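The values are calculated or read from the model by the stated rules, or taken from the named source; none is laboratory data. Owing to the predicted nature of the structure, the values given are computational and were not obtained by experimental measurement. Here the Cβ positions follow ideal geometry from the backbone for every residue, glycine too, while neighbour counts run over all protein chains shown. What goes into the accessible areas is simple: the full protein's heavy atoms, side chains included, and nothing from ligands, DNA or RNA. Shrake-Rupley method; radii C 1.70, N 1.55, O 1.52, S 1.80 Å.
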Amino acid sequence: HGVGVFTSYEFHVSPRFNIGLHLAYRLYPGEEMVQQLGYGALLRHFFAAEWTHVDGFFPYLDYGLLLQQTFAKGRSGNAVSHDTRLGGGVLGRFHGVPLFLGAAGHISRIDGFDVDSQWIPYLDVQLGWVHVF
């Protein structure tokens with residue numbers, strides 16, 4: 001289990017569709033501490049165009065094509081993995097403040113260090129704030 005932070009800079013392609021650049025950092029503490037840096041493209045689809053300016057709850061789905069750089073304590077170099085992300089969530093606007101709660105499944109394949117290429121699927125849960133400008 002780990003913790004992390006992420007940010008996404010998104011462009012409105014249409015009132016219901018965003019495309020963005022995603023950047024994430026995750027830390028898995030322990031005896032052999034692992035750090036990951038993830039980055040790539042994120043596509044987000046909202047089911048209602050009003051999410052940008054009306055209070056309420058607005059569900060969304062998203063899909064990401066990402067890469068990860070993994071660094072492990074005690075190992076030289078790093079490992080690289082492709083990361084396909086499929087997620088969803090809900091954005092809630094309360095008095096104009098947009099907050100979101102989401103979850104995503106990731107299918108990754110890591111290649112590097114001194115081990116054979118292997119699958120590393122994982123789930124993440126996100127909670128945050130959206131700044132719309």
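In table form, for the structure just shown:
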{"quantity": "Cα-centre dipole for region 74-131 with unit charges at Cβ (Lys and Arg positive, Asp and Glu negative), debye to 20", "calculated": "300"}
{"quantity": "Arg109 long-range amide H proximity, modeled H, under 5 Å", "calculated": "His82, Ile120"}
{"quantity": "³J(HN,Hα) computed for each position of region 118-123 - Karplus, 6.51 cos²θ - 1.76 cosθ + 1.60, integer Hz, glycine/proline x", "calculated": "8, 6, 9, x, 7, 10"}
{"quantity": "Vicinal HN-Hα couplings computed from phi for region 61-75 (Karplus, 6.51 cos²θ - 1.76 cosθ + 1.60; Hz; Gly/Pro x)", "calculated": "10, 9, 9, x, 10, 10, 10, 10, 9, 10, 10, 10, 4, x, 10"}
{"quantity": "Per residue accessible area in Å² of region 12-133, where ligands, DNA and RNA are left out and the probe is 1.4 Å", "calculated": "59"}
{"quantity": "Dipole of region 7-133, positive direction: furthest Cα of Gly128, Ile110, Ala48, with charges on the beta-carbon", "calculated": "Ala48"}
{"quantity": "Karplus-derived HN-Hα couplings along region 48-55 (A = 6.51, B = -1.76, C = 1.60, θ = phi - 60°), whole Hz, x at Gly and Pro", "calculated": "9, 6, 6, 4, 7, 8, 10, 5"}
{"quantity": "Accessible surface of the chain [probe 1.4 Å, protein heavy atoms]: carbon and sulfur percent", "calculated": "67"}
{"quantity": "Region 47-98 versus region 1-30: alpha-carbon centroid distance in Å", "calculated": "4"}
